[in-house]
Structures are given as C-alpha cells and as structure tokens.
Amino acid sequence: MRWLSSLAALGLVLGSADVCTAKQPWEISTPGGYLSGARIVQSAAGAEQFREPPGRGPQRFLAYDKEGNSPLVGKGEADLWEFVSRGPGEVFIRAAEGKWKGWYLNTSDRAFKDGPSFGYLLELGKEPQTFYIYQVSK
C-alpha cells in the first residue's frame with residue numbers, strides 16, 4: 001500500500017512537471033506598444049498572443065487591401081506576410097502579395113480610442129520598422 005501511495009505521488013510530480021514545460025504564448029511588440037490585431041496598443045495585457053512564433057504566411061488579422069487603394073492594415077483580402085529577420089527576436093514584416101508587395105508594416109500616425117484603451121493603427125510604408133517577437137510566461 002505504501003508503494004502505491006509513493007507511485008501516486010511520483011505521478012503527481014511528473015504530471016506537474018509537464019505543466020512547467022508547456023508551450024508559452026508568443027507576442028509581438030515594437031517601440032510604442034504591442035501588436036493587437038491590426039493595432040498597436042499601449043498595454044501588454046491587450047497584446048495578441050500566438051501559440052507559435054509568427055512567421056511567413058497568412059496572418060488574417062493583418063489583412064490589407066490587395067488592390068493598393070488604402071495603406072491601412074486590418075481590412076482587405078490580402079493577408080500574406082514575410083517576416084524578415086534582423087537578428088534574434090527582431091524582424092521586419094513585409095507584405096508578400098498584391099500591389100503592396102514589398103512594403104513594410106508600420107505604426108501609423110493615426111490613433112484610435114476604444115473606450116478606456118487607445119493606441120495606433122497599422123499601415124504599409126516604404127521604410128521598415130522593427131518588430132520584436134518573444135515568448136512570454138503567463
């Protein structure tokens with residue numbers, strides 16, 4: 001009986017060890033805030049979280065106008081991006097389709113206010129802006 005209780009205790013320890021090694025979420029930040037959908041928000045609490053570090057491919061929340069009519073990000077049918085490495089955890093994010101192909105994701109001068117929160121919109125620009133991708137513990 002003592003052997004069974006020791007075995008049960010070992011199972012609890014091993015089971016909790018698995019929780020410690022669970023994947024932690026990833027976030028993207030830039031000077032001035034954190035990526036949250038197609039916006040930059042001031043608070044880390046409002047940051048968009050990812051299961052894996054974002055990389056090349058579709059990022060639906062960062063959709064843009066494929067025809068090139070508006071540089072604002074957040075609406076449109078194009079959502080293919082290229083993450084250009086600048087070093088460990090640092091990237092430029094570049095549009096990879098449509099008329100904006102080759103243009104970079106940037107923080108806009110256009111601000112938004114949504115209740116008590118505020119921040120800045122994202123738009124496409126010719127000059128690259130550095131974004132930081134990192135893993136957080138929650």
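At a probe radius of 1.4 Å, what is the per-residue accessible area of Thr107, in Å² to the nearest 10?
Accessible surface of Thr107 is approximately 40 Å².
Give the lysines reachable from Lys23 as a straight Cα distance under 16 Å; neighbours fewer than 8 places away on the same chain don't count.
Partners within reach: Lys138.
Mind checking which lysines have their C-alpha under 26 Å from Lys101, skipping anything on the same chain fewer than 8 residues away?
Excluding near neighbours in sequence, the set is Lys66, Lys75, Lys126.
With all protein chains present, calculate the accessible area of Glu90 using a 1.4 Å probe and round the result to the nearest 10 Å².
Result for Glu90: roughly 60 Å² accessible.
Expected output is a single nm value to one decimal: the length gained when fully extending between Ser85 and Lys23, i.e. 0.36 nm times separation in residues minus the C-alpha distance. What is it?
Numbers: separation 62, 0.36 × 62 = 22.32 nm, distance 2.23 nm.
So the chain would gain 20.1 nm between Ser85 and Lys23.
What are the principal axis extents of the Cα atoms in the stretch 16-138, in Å, biggest first?
That gives 52, 33, 25 Å along the principal axes, largest extent first.
Can I get the semi-axes of the stretch 82-138's equivalent ellipsoid? Compute them from the C-alpha gyration tensor as square roots of 5 times the eigenvalues, in angstrom, largest first. Write down the numbers at each step before the final one.
Working: eigenvalues 95, 73, 16 Å².
Value: 22, 19, 9 Å, ordered largest first.
According to a simple spin-label model (label point 7 Å from Cα along Cα-to-Cβ), what is the distance in nm between Ser43 and Val136?
If labels sit at Val136 and Ser43, their model points lie 1.2 nm apart.
Once label points are set 7 Å from the Cα along Cα→Cβ at both Glu77 and Phe118, what is their separation, rounded to one decimal in nm?
For Glu77 paired with Phe118, the spin-label model returns 3.7 nm.
Contour minus end-to-end for Gln129 and Asp109, with contour as 0.36 nm per residue of separation and end-to-end as the Cα-Cα distance?
Working: separation 20, 0.36 × 20 = 7.20 nm, distance 1.35 nm.
Extra length from Gln129 to Asp109 when fully extended: 5.9 nm.
The values are calculated or read from the model by the stated rules, or taken from the named source; none is laboratory data. As the structure is a computational prediction, the values presented were derived from the model and not from experiment. Glycine also receives a Cβ, built like all others from the backbone with ideal geometry; neighbour counts cover every protein chain displayed. These area figures cover heavy atoms from the full protein model, side chains too; ligands, DNA and RNA do not enter into them. Shrake-Rupley method; radii C 1.70, N 1.55, O 1.52, S 1.80 Å.
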